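The values are calculated or read from the model by the stated rules, or taken from the named source; none is laboratory data. Model, not experiment: these values are computed from the prediction. Neighbour counts are summed over all protein chains in view; Cβ atoms, including those assigned to glycine, are modelled from backbone coordinates with ideal geometry.
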Amino acid sequence: MSVKEIAVIGGGNGALTTAGDMALAGFNVRMWTAFPEEYGDLYDTRIVRLKGLGRTGEAPITTVTQDLGEAVAGADVICSPSPAFAQESVASQLAPHVEDGQVVFLSPGSMGGYVFAKTFRDQGVNRDVAIAEPGTLPYLTRKTAQDEVLVSGHAVRLPVGVFPSGRTDTAIERLQALYPAIHAVENALSVALLNVGPIIHSCLVLLNTGPIEHFDSWDIHNEGTTASVKRLILAHDEERIAVRKALGFESHHYPFADHYNQEGEEPWMYGRKAHTDLVESESWRESLDFSHRYITEDVKCNLALLTSIGDFAGQDTPIADSLLTLIGVVAGEDFRRTGRTLESLGLGGVGREEMERILLEGV
């Protein structure tokens, strides 16, 4: 399936990197952001500069616009690498402009496909759209200027779930033109349980509260990842895998131990050298607080979601439950009440048979 036109909507690290990388790959790329002040001269130059790993150089963007309709009209794929907490807002703005046959690509997996589809329906938009989300971000990347990014990692295996899963084959075929590393998993719930952001970042933030509050900047992925911290991360990850097994998912579970093991038989999503490359890039030494995306997305949205899926599956998750409680105390917020859960999504009380139907057919 030929893919020529790509729309990138968003305003952060992922959006800028996606636009630049896809432009260097030869696609016609149109950009839109809700935060035009963050792009500065990009509206005039239409050039994104990529540094680091992978494709590098000056990437020519076809259109940079503040008109969302202009950005997405006729696009084969709409890439929306916005954080999970922004998905409902982005979906609401996108709803009037989405067209039949388009594929919307979110990142990473957090039941965002369901959020988008439900938001479209609530606005009376009934388009034939497939919404796909990966188990992790396609890139490890940071903005270094308004028009520049430094990429320190690329996904080499990218599991993707599609909502509704009945559109999986079509969506995957189209997305593989952008990212050959993509492969399909069962559905949006399966891929939500491949997102290890809530696994690693919840542990790293909680066990680094002292350095986070003491130092102006801190690299939780380097100094903050000690042997004992890793033990908690890996035990936490075993709970995630147990929930997947309890729900009968048989696609690869991507145990996080493979991320740390450079000699293992199974490379993790970012490959065998990902952790070393991440540390050596030094781009993750940053100013942190408890309103960081590690909290607002990985804990409030994704860790809360994991615990609620564990309840749905009848699988105990004592480490996840404890982390959610303790980080809530530190951050001053009850994430069980305010976070993304199956209940807050409107799926509370849904049985397994009905859940499978929704995942397959849509809302």
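Here are the numbers:
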item: Of all residues in region 178-217 being in contact with a Ser or Thr (Cβ under 8 Å, 6 or more places away or on another chain) and more than 21 Å from ALA257 (Cβ to Cβ), the one that is modelled with the lowest pLDDT; result: SER217
item: One residue from GLY161, GLY135 being surrounded by 22 or more Cβ atoms within 10 Å (Cβ to Cβ) and closer than 30 Å to ALA227 by Cα; result: GLY135
item: Filtered residue count, region 134-164, keeping only those that are within 21 Å of GLY20 (Cβ to Cβ), part of a strand (DSSP E or B) and within 13 Å of the chain's Cα centre (by Cα); result: 5
item: Test for GLY271: is it in a loop (DSSP other than H, G, I, E, B) and either within 24 Å of GLY351 (Cα to Cα) or modelled with pLDDT of 95 or more (or both); result: no
item: Condition check for VAL229: assigned to a helix (DSSP H, G or I), at pLDDT 95 or above, in contact with a Leu (Cβ under 9 Å, 6 or more places away or on another chain) and crowded, with 21+ Cβ neighbours inside 10 Å; result: no
item: From VAL363, VAL329, VAL350, residue being assigned to a helix (DSSP H, G or I), more than 21 Å from the chain's Cα centre (by Cα) and among the β-branched types (Val, Ile, Thr); result: VAL329
item: Count - residues of region 152-164 that are touching a residue at least 60 places away in the same chain (Cβ under 8 Å) and either closer than 14 Å to PHE105 by Cα or in contact with a Lys or Arg (Cβ under 6 Å, 6 or more places away or on another chain) (or both); result: 4
item: Helices (runs of 4 or more DSSP H) lying entirely in region 165-210 (those with 2 or more residues that are among the charged types (D, E, K, R) and under 18 Å from SER107 (Cα atoms)); result: 168-175
item: Top-ranked residue of region 36-45 - restricted to ones that are in contact with a helix residue (DSSP H, G or I) (Cβ under 9 Å, 6 or more places away or on another chain) and over 18 Å from THR141 (Cα atoms), ranked as surrounded by the most Cβ atoms within 10 Å (Cβ to Cβ); result: LEU42
item: Test: LEU324 is under 20 Å from PHE249 (Cα atoms), at pLDDT 90 or above and surrounded by 17 or more Cβ atoms within 10 Å (Cβ to Cβ); result: no
item: Where a residue in region 327-353 is within 18 Å of LEU206 (Cβ to Cβ) and its partner, wherever it lies, is at pLDDT below 95 and not hydrophobic (A, V, I, L, M, F, W, C), with Cβ under 9 Å and at least six apart; result: ALA331/SER291
item: The lone exception for SER291 - which of (1) part of a helix (DSSP H, G or I); (2) within 26 Å of THR141 (Cβ to Cβ); (3) under 20 Å from the mean Cα position of the chain (by Cα) it fails; result: (1)
item: Hits in region 331-352 (condition: crowded, with 16+ Cβ neighbours inside 10 Å and either farther than 19 Å from GLY112 by Cα or assigned by TED's automatic domain parsing to the domain that holds THR119 (or both)); result: ALA331, GLU333
item: Selection within region 70-88 - small (Gly, Ala, Ser), surrounded by fewer than 23 Cβ atoms within 10 Å (Cβ to Cβ) and farther than 23 Å from GLY40 by Cβ; result: ALA73, GLY74
item: Tally of residues being of a type outside the set (Lys, Arg) and in contact with a Phe, Trp or Tyr (Cβ under 8 Å, 6 or more places away or on another chain) across region 135-148; result: 6
